[in-house]
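Visitor: The structure is given below, and queries will be raised subsequently.
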Amino acid sequence: MTNLSLLPCLALALLGAQAAPETKPTARIQIDLSAPSKPVSPNLYGIFLEEINHAFDGGLYGELVQNRSFEEGVPPPGMTMIPKPDGTFKMELASLPAGVPKAKWEMPWPWNGNSVWDPKRALIGWSLHNAGGSTGTMQLTEANPMNAASSRSLELTVQKPGVALHNSGYWGIAVKASSAYALRYFVRPGTFRGTIRTELVAESGQVLSSAVSAAVTPGTVWREVMGSLKASATDPKAQLRLRFEGTGTLQLDWVSLFPPTWKSQPNGLRPDLAQYLAGLQPSFIRFPGGCYVEGLSWEMAPDWRKTLGQPTERPGMWGYWQYRSSDGFGFHEYLQLCETLKADALYVAFAGMTVHPENNWPLEKIDPVVQQTLDAIEYAIGPTTSKWGALRAKRGHPKPFPLKYVEIGNEHPPALYGDYYAVFRKAIKAKYPQIQVVMSMFWSGLNQPAINRVGDANIDIVDEHAYRGSGWARSSFDYFDRYPRKGWGIYMGEYAHNQRADFSAALDDSLFLMMMERNGDLVKMASYAPLLANVNKRDWGVNLIEFDSSRSFAHASYYVQKLFRENHPDRSVKTVVTTRPPPDPKAPLMAGKVGLGSWDTSVEFKELRVYDGAGALVHSDNFVDLSAFEAPQSGAWSVKNGVLQQTDQRTSPAMLLLKRPLTTGKLTVKARRVDGREGFLLFFNAENRERFLFGNYGANGNEFSAIQERGVPDDCAFRGGRSTPGGMEKGRWYELSLVFTENRAELFLDGKKVSDARMERLPSFFATAGLRQKESTVIVKATNYSAQPQETELVIEGAMVGEGSGRHAIYQASALSDDNSLEHPTKLVPRETVFPVAGNRIKLTLPAYSVSVVRVPVRGLPSP
Ligand code: AHR
């Protein structure tokens, strides 16, 4: 190892990526009220609800007993179970349409990932305790069902009295001292004679409530038991216990426990979670999915008709997100929630298309599926003289519900979707011309082939989804400005910064909202996704509102939405933002640590050479020792005969970084793959195992080579990463090299370029402005990503800004990684200050890492 020159210090080289501005940052937001303005959609802010992450069962829906009707183990219709070595099963379609090879059904995540079946789930929530000499057994039975909806019940045989049946709820039953819990269950006594005593208990068995006792004598008729359990203590992890004092064999079904619910509605909602929804004042609610609507097969797609009637008469269904939905919160309840929240309903109908395009309902036989949708509309808004309208009236709601939109399916990629959509749209418009039909797009962007097939004139509004990573919003602030206008509107039905659940996500989402507000002629509606998640079973990484059995919190993004909703302008006005100092185009963005590594692969390296940006050799390593390197971040590294070896094949990634950082320069090294799944890694702009750029030779199971990123500095966006197909052979020495300048990198293999990429510095300050005409108020929204406060001047032109006071709502964090949590649910909430206004130039300080909403009263507004 020879160290040819030493750079003065690490800090200097890292300066490029983390540069601190030399002068105090200032911004100017110039608002011209006399320039033409655009309407902001009055329905922009809505919500999307789906049974994912136990959003309903074990969440918003108040029921505390998990698997209350013992149906969790009922296999989804149309599926065959293929046993797996771990005791679980893989679900496959019982039969595929003629001519479709089985392999066609094998699709990557998320489709097939959701087809795992665990037979242990059948009794999830329930356990039997033989204590104090009692003996008993339990099993599921299909005999003597309680009603047509219930295919299973629990058969319990008590040989010696005292057997206790526990339900642990959804990761605990939260009980509060002095609250009363509504108990209801059904029993078929069979041969049992004795008493069933029901109580709330702690895990230790300590009794936490009053008891409900039911005397039972042998019989063959199902009987209902109801009562109230008053809690004597608070416990987030209590259990429901049914103790059987007697002997014999009985059947139990539909064991239910409800806490006090939101607005005291029967079969209602968990109050804290419902309150979060109400806080967003949604102008519409999209339901019930998402992928949930599609099903893995058409046979298991949801049918809204099965969610009507008494909750005891709803069979429930196996949901796309790998658990059963009780459907206790069904179609009627969704509509009722819309009404309560004064929101329009947006019902997503099963389109006859599933997540497996090979398993669609044949288009030529689609009529019954279309009819199912027409019936749903009739139930919601049809006259009480109609079949379904009459049923609605019978349920106590003769008035129509506020159903305004019907979406056809969810995220179906091919052009073929256009054909399905067209049939539904025609049928809906013929009968209900007032309904806006929403055309679903895929995960991101437009499904242009489907749009082409139906033609722009046959589209009211398209539902585009946007799950975006860090940096996207900052580099795509003009996304909607550039969007082609085709006469139809856009609904961003699922959007979210989807990479990090923290304040940086909230800042990105604030930009997304600004982008939509200022394009009100195009973007009509938007809803964040997913909204709710039980922390004990997250199906999705980034969610808005999270909870366990007793606690809940909303991520920072929630408060941004709330703030924007509360300050919803009706027109967006011309706004010009200038910041000082301007970004330095020469500041290096690729600088940082460099190093060697591999991904689940044992590799060898030799003859490492490192050159600086001027081409001078600054480090040459023939691997006598590892003194030039930091302690490995990961992997098993050693040197032998001038060769550096990494032998750990289970580390992703193994990482060894040079002590000496590099601002711009070149790395060359020889590398050989010994064994394992992939090839070699050359790191640059690396901080640690969480944040780095890398040349990846043999990426993705040894398929291609490319420059990739795992987290970039906060103020940068990574672009490119063009890839070249091909894997790394075992045992062959390759020549690798990586060149990087201030903002570009190139990767070479045996002298040939295989990839390039660039890094872009992102703006740190964004602002838009709007107007609330009736209130004569200018509303300015500004987001500051910088670690520095931004001294800001608002300049309002085209109207009078008299003397008075303005309001400045500030939502701020001490770091981009900051957020609320279960432990600290209101750590970050917006606060408001009042400031004096005298004239059209207003000076404000917008704090570091903050979103601001500023309201300024004006007079003499030009008419729109
Ligand atoms: O919001 C979570 C899921 O993301 C939805 O079910 C689906 O529509 C999307 O892919």
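The values are calculated or read from the model by the stated rules, or taken from the named source; none is laboratory data. Just so it is clear, the model here is predicted, and its values are computed rather than measured. Positions of Cβ are backbone-derived with ideal geometry, glycine not excepted, and every protein chain shown enters the neighbour counts. Ligands, DNA and RNA are excluded from the accessible area calculation, which covers all protein heavy atoms including side chains. Shrake-Rupley method; radii C 1.70, N 1.55, O 1.52, S 1.80 Å.
Visitor: For region 299-319, state whether one or more residues are within 16 Å of the ligand (Cβ to nearest atom) and more than 23 Å from Gln371 (Cβ to Cβ).
Guide: Step one: list which residues in region 299-319 are within 16 Å of the ligand (Cβ to nearest atom), which gives 300-302, 317-319.
The next check asks that each one be more than 23 Å from Gln371 (Cβ to Cβ); those that pass are 318-319.
Checked against the condition, which is being within 16 Å of the ligand (Cβ to nearest atom) and more than 23 Å from Gln371 (Cβ to Cβ), region 299-319 yields at least one hit.
Visitor: Which of the residues that make up region 522-565 are over 17 Å from Pro830 (Cα atoms), away from the ligand (no atom under 13 Å from the Cβ) and open to solvent by 10 Å² or more (accessible area, probe 1.4 Å)?
Guide: Of the residues in region 522-565, the ones over 17 Å from Pro830 (Cα atoms) are 522-543, 546-552.
From what is left, the residues that are away from the ligand (no atom under 13 Å from the Cβ) are 522-526, 534-537, 546-552.
Once the filter is applied, which keeps residues that are over 17 Å from Pro830 (Cα atoms), away from the ligand (no atom under 13 Å from the Cβ) and open to solvent by 10 Å² or more (accessible area, probe 1.4 Å), region 522-565 yields Lys524, Val535, Asn536, Lys537, Asp548, Ser549, Ser550, Arg551, Ser552.
Visitor: Conditions first: (1) in a strand (DSSP E or B); (2) open to solvent by 40 Å² or more (accessible area, probe 1.4 Å); (3) at pLDDT 95 or above. Ala143 passes all but one, so which condition is the exception?
Guide: (1)
Visitor: List the number of the failed condition for Met759; all other conditions in (1) open to solvent by 10 Å² or more (accessible area, probe 1.4 Å); (2) under 23 Å from Gln499 (Cβ atoms) hold.
Guide: Failed condition: (1).
Visitor: Return the residues of region 422-444 that are touching a residue at least 60 places away in the same chain (Cβ under 8 Å) and more than 16 Å from the ligand (Cβ to nearest atom); say none if nothing qualifies. Step through it out loud before you land on a result.
Guide: First pass over region 422-444, keeping only residues touching a residue at least 60 places away in the same chain (Cβ under 8 Å): 423-424, 438, 440.
Result: Val423, Phe424.
Visitor: Right, here's the next one. Determine the pairs where a residue that is on the phi > 0 side of the Ramachandran plot, located within region 291-313, has a partner that is open to solvent by less than 20 Å² (accessible area, probe 1.4 Å) with Cβ atoms under 7 Å apart, the partner being 6 or more residues away or on another chain.
Guide: Qualifying pairs under 7 Å: Gly295/Ala301; Gly295/Tyr320; Gly295/Thr354.
Visitor: Restricting region 231-272 to residues that are in contact with a helix residue (DSSP H, G or I) (Cβ under 8 Å, 6 or more places away or on another chain) and assigned to a helix (DSSP H, G or I), which is most open to solvent (accessible area, probe 1.4 Å)?
Guide: So, considering only residues that are in contact with a helix residue (DSSP H, G or I) (Cβ under 8 Å, 6 or more places away or on another chain) and assigned to a helix (DSSP H, G or I), the one most open to solvent (accessible area, probe 1.4 Å) is Lys263.
Visitor: Does Lys781 meet the test of being in a strand (DSSP E or B), outside the structural domain of Thr663 (by TED's automatic domain parsing) and open to solvent by less than 40 Å² (accessible area, probe 1.4 Å)? It would help to see each step written out before you state the result.
Guide: Values: in a strand (DSSP E or B): yes; outside the structural domain of Thr663 (by TED's automatic domain parsing): yes; open to solvent by less than 40 Å² (accessible area, probe 1.4 Å): yes.
Answer is yes for this residue.
Visitor: Mind checking which residues of region 320-330 are within 16 Å of the ligand (Cβ to nearest atom) and of a type in the set (S, T, N, Q)? Before you say what the answer is, go through the steps one by one.
Guide: First, pick out the residues of region 320-330 that are within 16 Å of the ligand (Cβ to nearest atom): 320-323, 325.
Hits for region 320-330 are Gln322, Ser325.
Visitor: Just wondering, is there one or more residues in region 127-134 that are farther than 25 Å from Tyr170 by Cα and surrounded by fewer than 16 Cβ atoms within 10 Å (Cβ to Cβ)?
Guide: Here is the first cut: in region 127-134, the residues farther than 25 Å from Tyr170 by Cα are 132-134.
Okay, now just the ones that are also surrounded by fewer than 16 Cβ atoms within 10 Å (Cβ to Cβ), so 132-133.
Checking region 127-134: at least one residue is farther than 25 Å from Tyr170 by Cα and surrounded by fewer than 16 Cβ atoms within 10 Å (Cβ to Cβ).
Visitor: May I ask you to list the residues in region 489-505 that are touching a Ser or Thr at 6+ places or on another chain (Cβ under 6 Å) and either more than 16 Å from the ligand (Cβ to nearest atom) or not assigned by TED's automatic domain parsing to the domain that holds Ile451 (or both)?
Guide: Asp502
Visitor: Can you tell me which residue among Asp648, Asp675 is part of a strand (DSSP E or B) and modelled with pLDDT of 95 or more? I'd like the intermediate steps shown before the answer.
Guide: Details: Asp648 fails: part of a strand (DSSP E or B).
None of the others qualify; the one that does is Asp675.
Visitor: Additional query: Look at Ser638 and say whether it is in contact with an Asp or Glu (Cβ under 6 Å, 6 or more places away or on another chain), among the hydroxyl-bearing types (Ser, Thr, Tyr) and surrounded by fewer than 21 Cβ atoms within 10 Å (Cβ to Cβ).
Guide: Values: in contact with an Asp or Glu (Cβ under 6 Å, 6 or more places away or on another chain): no; among the hydroxyl-bearing types (Ser, Thr, Tyr): yes; surrounded by fewer than 21 Cβ atoms within 10 Å (Cβ to Cβ): yes.
Here the answer is no, as Ser638 does not meet what is asked.
Visitor: Checking Val639 against (1) part of a loop (DSSP other than H, G, I, E, B); (2) without any contact (Cβ under 8 Å) to a residue 24 or more places away in the chain, which test does it fail?
Guide: (1)
Visitor: Also, I was wondering about something else. Tell me, yes or no, whether region 506-514 has at least one residue that is within 16 Å of the ligand (Cβ to nearest atom), surrounded by fewer than 17 Cβ atoms within 10 Å (Cβ to Cβ) and not aliphatic (A, V, I, L, M).
Guide: Taking region 506-514 and keeping what is within 16 Å of the ligand (Cβ to nearest atom), we get 509, 512.
Of the ones still in play, those that are also surrounded by fewer than 17 Cβ atoms within 10 Å (Cβ to Cβ) are none.
Within region 506-514, none of the residues are within 16 Å of the ligand (Cβ to nearest atom), surrounded by fewer than 17 Cβ atoms within 10 Å (Cβ to Cβ) and not aliphatic (A, V, I, L, M).
Visitor: Among the residues of region 445-464, is any closer than 20 Å to Thr768 by Cβ, in contact (Cβ under 8 Å) with a residue 24 or more places away in the chain, assigned by TED's automatic domain parsing to the domain that holds Ile545 and within 15 Å of the ligand (Cβ to nearest atom)? Before you say what the answer is, go through the steps one by one.
Guide: Quick first cut of region 445-464, residues closer than 20 Å to Thr768 by Cβ only: none.
Within region 445-464 (the criterion being closer than 20 Å to Thr768 by Cβ, in contact (Cβ under 8 Å) with a residue 24 or more places away in the chain, assigned by TED's automatic domain parsing to the domain that holds Ile545 and within 15 Å of the ligand (Cβ to nearest atom)), the answer is no, since none of the residues qualifies.
Visitor: Among the candidates Arg482, Arg468, which residue alone is in contact (Cβ under 8 Å) with a residue 24 or more places away in the chain, under 24 Å from Asn784 (Cα atoms) and open to solvent by 40 Å² or more (accessible area, probe 1.4 Å)?
Guide: Arg468 is the lone residue from the list that is in contact (Cβ under 8 Å) with a residue 24 or more places away in the chain, under 24 Å from Asn784 (Cα atoms) and open to solvent by 40 Å² or more (accessible area, probe 1.4 Å).
Visitor: In addition: Checking the conditions here, which among Phe623, Phe605, Phe683 is under 38 Å from the mean Cα position of the chain (by Cα) and open to solvent by less than 10 Å² (accessible area, probe 1.4 Å)? First the steps, then the outcome.
Guide: Values: Phe623 fails: under 38 Å from the mean Cα position of the chain (by Cα); Phe605 fails: under 38 Å from the mean Cα position of the chain (by Cα).
The conditions single out Phe683.
Here's the yes/no breakdown for (1) out of contact with any Ser or Thr (no Cβ under 6 Å at 6 or more places or on another chain); (2) open to solvent by 20 Å² or more (accessible area, probe 1.4 Å):
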| residue | (1), (2) |
| --- | --- |
| Thr137 | no, yes |
| Ala164 | yes, no |
| Ser168 | yes, yes |
| Arg188 | yes, yes |
| Ala202 | yes, no |
| Gly205 | yes, yes |
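Visitor: Would you mind stating whether Gly418 is assigned to a loop (DSSP other than H, G, I, E, B) and more than 20 Å from the chain's Cα centre (by Cα)? Before you say what the answer is, go through the steps one by one.
Guide: Details: assigned to a loop (DSSP other than H, G, I, E, B): no; more than 20 Å from the chain's Cα centre (by Cα): yes.
It is false that Gly418 is assigned to a loop (DSSP other than H, G, I, E, B) and more than 20 Å from the chain's Cα centre (by Cα).
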